[in-house]
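Read through the structure below, which is laid out as structure tokens, and then see the notes.
The values are calculated or read from the model by the stated rules, or taken from the named source; none is laboratory data. This one's a predicted model, so the numbers in the text were calculated from it and none came from an experiment. With ideal geometry, Cβ positions are generated from the backbone for all residues, glycine too; neighbour counts draw on all protein chains shown. Side chains included, ligands, DNA and RNA excluded: accessible areas come from the protein's heavy atoms. Shrake-Rupley method; radii C 1.70, N 1.55, O 1.52, S 1.80 Å.
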Amino acid sequence: MAEIGYCGDDCELCPRYIATKSGDRGKLEKAAVLWQNVGLTDKLATPEEMICHGCASLEKCHYNDIRNCAKDKMIDNCGECIEYPCEKINAVFEKTDAYARQCKETCTASDYHRLNEAFFLKKRRLDAIHFKCRSADQR
């Protein structure tokens, strides 16, 4: 099963995660440039700052309120929450849509596709997880 972040990101499809797992400094440098171009960072990060072993491993997250909420409820991601979708995750979906629009304007088609698969499909991913969890609860 894929490693899914609290907010629905697919870590295993993330360029940053892939670069970390490969141990390739050049890939981490490319990920840093991509992050800056999309607006995920305001300055170019060092390869060391880009190292990521999955969303749950990070101390700082763009969506700390989501992370803290999921941790408090002891769930792996928002799709598992009985209250899904809530106001917090809907705000994340709006922010993600803005990143997707910006990425479409500033990234290559290849980079957009990679980021779309990893990040911009989070609502669809969480909807599927939520449906599966609720179906299992009804058995």
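Values computed for the structure shown
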item: Filtered residues of the stretch 35-48 (kept if closer than 15 Å to HIS62 by Cβ and of a type outside the set (S, T, N, Q)); result: TRP35, VAL38, GLY39, LEU40, ASP42, ALA45
item: Restricting the stretch 106-139 to residues that are acidic (Asp, Glu) and modelled with pLDDT of 90 or more, the residue that is nearest to TRP35 (Cα to Cα); result: ASP111
item: Failed condition for SER57, given (1) of a type in the set (Ser, Thr, Tyr); (2) closer than 28 Å to PHE131 by Cα; (3) open to solvent by less than 60 Å² (accessible area, probe 1.4 Å); result: (3)
item: Residues of the stretch 15-32 satisfying the condition of being farther than 13 Å from ARG114 by Cβ and either more than 17 Å from the chain's Cα centre (by Cα) or open to solvent by 70 Å² or more (accessible area, probe 1.4 Å) (or both); result: LYS21, SER22, GLY23, ASP24, ARG25, GLY26, GLU29
item: CYS107 vs. criteria open to solvent by less than 40 Å² (accessible area, probe 1.4 Å), over 20 Å from CYS7 (Cβ atoms) and either touching a residue at least 40 places away in the same chain (Cβ under 8 Å) or of a type in the set (Phe, Trp, Tyr) (or both); result: yes
item: Which listed residue, of LYS95, LYS123, LYS88, is in contact (Cβ under 8 Å) with a residue 40 or more places away in the chain and open to solvent by 30 Å² or more (accessible area, probe 1.4 Å); result: LYS123
item: Matching entry among THR41, THR46 (being modelled with pLDDT under 90 and either in contact with a Pro (Cβ under 6 Å, 6 or more places away or on another chain) or surrounded by fewer than 18 Cβ atoms within 10 Å (Cβ to Cβ) (or both)); result: THR41
